Amino acid sequence: MMDFLQHLAAFLVALGVLITFHEYGHYWVARRFDVKILRFSIGFGRAVWKKNFGRDNTELVIAALPLGGYVKMLDEREGGVRPEEAHRAFNQKPVTQRMAIVLAGPLFNFLFAILAYWLMYMIGLAGLKPIVGEVRPGSIADTAGLKPGHEIIAVNTHSTATWTMVADYLIDDVIDGSVVGVTVRDAYSNEYALRVDLVEVSIDDLAEQGILERLGITPEQIRLPAVIGKVQPGLVADKAGLKAGDRIMAVDGRPIGDWMEWVNTIQAHPGQTLAVEVMRGEDYLSIMLHPEFRTTEEGRTIGYIGAASQPPANVFARESYAPLPALGKAMERTRDMSWLTLRMLVKMITGEASYRNLSGPISIAQYAGDSAENGLAAFLWFLGIVSVSLGVLNLLPVPLLDGGHLMYYLIELVKGRPVSEAAQVIGQQIGLAMLLGLMVLVFYNDIMRLIG
C-alpha cells in the first residue's frame, strides 16, 4: 500500500508540474498579446479547488481528472463578448499571434525539459559502471568481441560512465538499424574499438526485453557487503537502533554473508521478531528487529525495515557537469530525445514498430515512482523524457491537439480566411475518435504489462 501511495504521489507531482508548465506557456504568450484569460485549469472535469486572481479575475482551477489541462480565453465563437472587450478576444487577434499562443505550450514543454536536464546534469546522475559480467555465446555481443570484464567507455563518440548512458545511446542506433562503434577497456587498461551490429535488433525486441538482454550482455553482479549505508528516520531500522556503518554479522544465529542475503532474510520475515548481531566499530551489539509488512507491485507481502546499503565507490559513477557545460548537455539531450521520439512515432505510424511501445498512465505512474525512489536526479531525468514526449505529441497535426490548431491557422495564413466551422467540427470529431482510440490502446498496453 505504501509503494502504491508513493508511486501515486510521484505521478501526480509529475503530471501537475508538466501540465502547469505547458498551460502556462499558452497563458504567458496570450497575456503578452492582451488576450483576456477566463480560466486556467489543471485537469478536466469537476473543480476540486479554485481561486480567482489578477486584473481579469481569472479563475485558477484544479480539476478532478489530472490527465491534461486548458487555458480558456475570451472568444466570440464561444459566447457573448462585450463590445469594449472585443479587441481582447482570441479570435480577433491576427493569425500569427494565435499561432504563437498555440505553439507556446509545446515550446514550454521543451524549455522545461532543458531545465530538468540542466539541473540533472549539475546534480549528477549516478549509476553502475558499465562493466560486462557475462556474454551469451553466439549473441550479438559475442560476435562483436565483447568479453566478461570489459568496461564500455564509449558508444560512437559519446562517453558512457554508466549502464544507463550505454542503453540510451544504443537505443538511438537501434532505431536507425545501424552498426555502432563501441570502445571498451579491459582489466589491464587496454582499450579496443569494436563494432556492434544492431541491424537485426528491432524496436519491438526492446518492448519485450531490454537492450542489454537482446545483445546478450549481463552486467557484472556486485556482491555488496552487509553494511548499513543509510537509515530512514522513523522506520523500523531507525527505531531499533541501527545506524549507518553497522555491519550485519548474523540473524537468529545464522551468519549473513552479503547484502542480498540480509535483504532476503528481512523480506522473508514480515511481522516477525529477528535477533540481529551487529558489529559497530569494534563493538558487537544485539538488536531486535520487527520488520513491518509491505506489499510489492506484484502483490507479494514482504518484510521492510527502511535501511539502504553502502555500495563500494569503485563500482558506481556519476555524470555531472559545471553549470555552463550542463546547460549545453541539457540542450543536446532535449534535441536528441525530441528527434528520437519523433522517429519512434513515425515508425509506429508506418508499421515498422509495434503499438506495444506505447505507455499509458499506469506505466507512467510506475516509472514516476521508481525514478522518485532513486533520487532527485533520476526524477528530473524522468520529467525531462515525459516533457519532451508531450511537446512532440502536442505538435502532431491532429485536431484537438495544439498541432491541429496550428494546421488550421497555417491553412488560414495561406488562404487568407479561416477554415470553415463545418470543417473544424468534422476535424474535432475525427481528432476525438483518434484520441479516444489512443487512450484505449495505451490502457490496454498498461493492463497487459501488469498481468503479463
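The values are calculated or read from the model by the stated rules, or taken from the named source; none is laboratory data. Everything quoted here is computed from the prediction, not taken from an experiment. Here Cβ is always computed from backbone atoms with ideal geometry, including for glycine, and neighbour counts include all displayed protein chains.
With the requirement that a residue be in contact with a Leu (Cβ under 7 Å, 6 or more places away or on another chain) and at pLDDT 90 or above, what does the range 36-49 give you?
Scanning the range 36-49 gives K36, L38, F40.
Taking strands (runs of 3 or more DSSP E) that do not extend beyond the range 109-199, which have at least 1 residues that are within 30 Å of V17 (Cβ to Cβ)? Walk me through it before giving the result.
Numbers: elements: 125-128, 132-135, 151-155, 179-185, 191-197.
In the range 109-199, 125-128 are the strands (runs of 3 or more DSSP E) which contain 1 or more residues that are within 30 Å of V17 (Cβ to Cβ).
Do we find that L198 is of a type in the set (A, V, I, L, M, F, W, C) and within 24 Å of M344 (Cα to Cα) in this structure?
Yes.
Can you name the residue in the range 74-112 that is among the basic types (K, R) and surrounded by fewer than 18 Cβ atoms within 10 Å (Cβ to Cβ) and is also nearest to T334 (Cα to Cα) among such residues?
For the range 74-112, the residue satisfying everything is R77.
Which pairs turn up if I take residues in the range 284-295 that are more than 15 Å from I228 (Cβ to Cβ) and look for partners that are in a strand (DSSP E or B) and of a type in the set (S, T, Y) with beta carbon separation below 8 Å, at least 6 apart in sequence or on another chain?
E292/Y304; F293/T301; F293/Y304; R294/T301; R294/Y304; T295/T301
When residues of the range 210-226 are filtered for being touching an Asp or Glu at 6+ places or on another chain (Cβ under 7 Å), not in a helix (DSSP H, G or I) and not small (G, A, S), how many remain?
Summing the residues that are touching an Asp or Glu at 6+ places or on another chain (Cβ under 7 Å), not in a helix (DSSP H, G or I) and not small (G, A, S) in the range 210-226 gives 4.
May I ask you to verify whether E200 is in the same structural domain as V132 (by TED's automatic domain parsing), exposed (fewer than 13 other Cβ atoms within 10 Å of the Cβ) and over 27 Å from G303 (Cα atoms)?
yes
So that you can scan it fast, the table gives a plain yes or no per residue for (1) buried (at least 16 other Cβ atoms within 10 Å of the Cβ); (2) of a type in the set (S, T, N, Q):
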site	(1), (2)
V135	yes, no
A141	yes, no
P148	no, no
T218	no, yes
L224	yes, no
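List, please: which pairs have Cβ atoms under 9 Å, are six or more places apart or on different chains, and start with a residue in the range 316-343 that is in the same structural domain as I385 (by TED's automatic domain parsing) and end with one that is surrounded by fewer than 18 Cβ atoms within 10 Å (Cβ to Cβ) and among the acidic types (D, E)?
R343/D176
I'm told F11 meets every condition in (1) at pLDDT 90 or above; (2) among the hydrophobic types (A, V, I, L, M, F, W, C); (3) under 23 Å from F110 (Cβ atoms) except one. Can you identify the failing condition by its number?
(1)
Got at least one residue in the range 76-83 being in contact with a helix residue (DSSP H, G or I) (Cβ under 7 Å, 6 or more places away or on another chain), over 29 Å from L376 (Cβ atoms) and among the acidic types (D, E)? Walk me through it before giving the result.
Residues of the range 76-83 in contact with a helix residue (DSSP H, G or I) (Cβ under 7 Å, 6 or more places away or on another chain): 76-77.
With over 29 Å from L376 (Cβ atoms) added as a condition, the list becomes 76-77.
From what's left, among the acidic types (D, E): 76.
For the range 76-83, residues in contact with a helix residue (DSSP H, G or I) (Cβ under 7 Å, 6 or more places away or on another chain), over 29 Å from L376 (Cβ atoms) and among the acidic types (D, E): present.
Scan the range 147-180 residue by residue and report those that are free of Cβ contacts under 8 Å to residues at least 60 places away in the same chain and among the hydroxyl-bearing types (S, T, Y).
Across the range 147-180, the qualifying residues are T157, S159, T160, T164, Y169, S178.
Look at T183 and say whether it is touching a residue at least 60 places away in the same chain (Cβ under 8 Å), touching an Asp or Glu at 6+ places or on another chain (Cβ under 9 Å) and either hydroxyl-bearing (S, T, Y) or surrounded by fewer than 12 Cβ atoms within 10 Å (Cβ to Cβ) (or both).
In short, no.
What's the total number of residues in the range 287-301 that are on the phi < 0 side of the Ramachandran plot and at pLDDT below 90?
Count: 8.
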